[in-house]
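The values are calculated or read from the model by the stated rules, or taken from the named source; none is laboratory data. All values reported here derive from a predicted model rather than from experimental measurement. Note: ideal-geometry Cβ built from the backbone for every residue, glycine included; neighbour counts use all protein chains shown. Side chains are part of the model used for accessible areas, which takes the heavy atoms of the whole protein and leaves out ligands, DNA and RNA. Shrake-Rupley method; radii C 1.70, N 1.55, O 1.52, S 1.80 Å.
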Amino acid sequence: INAEYGGMYSIFFPVLAEIDCFHTRWQISIMKKPRYFAPFKLALWLACFSVTMVWFAFRHEYNIWPLQVFMGICVCLNIIKSVPLPNLKIIAIIMIMLFIYDIFFVFITPLFTKDGVSIMERVATGSSSSKQVFDAPMDYKPGEQIPLSIKIPYFQDTDYKVCMPIYGMIGFGDIVIPGLLTGYAAYFDTLAHPGATKWYYIITCTSYAIGLIITYGALIGMGIAQPALLYLVPCCLVGVLGTALKRGELHAMWTGRAGVAAMRQLDVDGVD
């Protein structure tokens, strides 16, 4: 809950901070000592906290999904902007490690669970087995779900929808991890090519979209939950690395600011 309302507050604060009255402070006296507080900042905090409490109170209701999507997007954006990574080397290591982690918890853990359901799927759906919906739908009882995913319901009518709403889900990690690469790509574009078209950013976003399409294609084709990072990580890394290699900037992108400085020095030496 703290992450949810904290994410909303962190996203809206910079926007509202552009309004002069937002920084207004009122003076009050507590034990004959002057104290100051910002009423509009307090109002923002209360609004964010109230939205989170509304979601918590109605989290099992079908129509609450738009609120969870909104809060989830705020959390993901807050994480991406709060964790800037300095170079592609660190991002690639993190992405590859989580690539392996995602595959293990989706495809390997079912071999060790009694009902054959992956730990990742159980956490995402709040159910001991998603197969309950299809094998014995009338016995299905939804469990608590950790709000670490964005879920959007399928709007077509199905027989199973009577017993349980069917959702399409994507975990926060499947947004945040490629988002860190996307943020770095935009940073590198600005650092290495100020004022020019942000090609690395465009390529990364396009690669992410292609990865999502492949993910949902695999989901439909195989009929089982898919580890999205299995498809997103290769698509995003190949897109960025391929672009950097073609433009002769692989070393600069791999090492970050130091590499950009070296690249600029080479350009100056070449001009001389």
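Values for this structure:
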item	result
Options GLY179, GLY211, GLY171, GLY239; residue that is modelled with pLDDT under 90, under 23 Å from ILE90 (Cα atoms) and open to solvent by less than 30 Å² (accessible area, probe 1.4 Å)	GLY171
Residue that is nearest to GLY183 (Cα to Cα) [pool: residues in the range 68-79 that are of a type in the set (Val, Ile, Thr) and either open to solvent by 40 Å² or more (accessible area, probe 1.4 Å) or without any contact (Cβ under 8 Å) to a residue 12 or more places away in the chain (or both)]	ILE79
Flag if VAL69 is assigned to a helix (DSSP H, G or I), under 30 Å from LEU241 (Cα atoms) and at pLDDT below 90	no
Residues satisfying the stated conditions in the range 93-122, i.e. assigned to a loop (DSSP other than H, G, I, E, B) and more than 18 Å from THR215 (Cβ to Cβ)	PHE112, THR113, LYS114, ASP115, GLY116, VAL117
Test: ALA228 is surrounded by 18 or more Cβ atoms within 10 Å (Cβ to Cβ), touching a strand residue (DSSP E or B) at 6+ places or on another chain (Cβ under 8 Å) and not polar (S, T, N, Q)	yes
Test: residue in the range 49-63 that is in contact with a Pro (Cβ under 6 Å, 6 or more places away or on another chain) and either surrounded by fewer than 16 Cβ atoms within 10 Å (Cβ to Cβ) or at pLDDT below 90 (or both)	yes
Considering residues of the range 80-102 that are of a type in the set (A, V, I, L, M, F, W, C) and modelled with pLDDT under 90 only, the residue most open to solvent (accessible area, probe 1.4 Å)	VAL83
Test for VAL106: is it surrounded by 14 or more Cβ atoms within 10 Å (Cβ to Cβ) and aliphatic (A, V, I, L, M)	yes
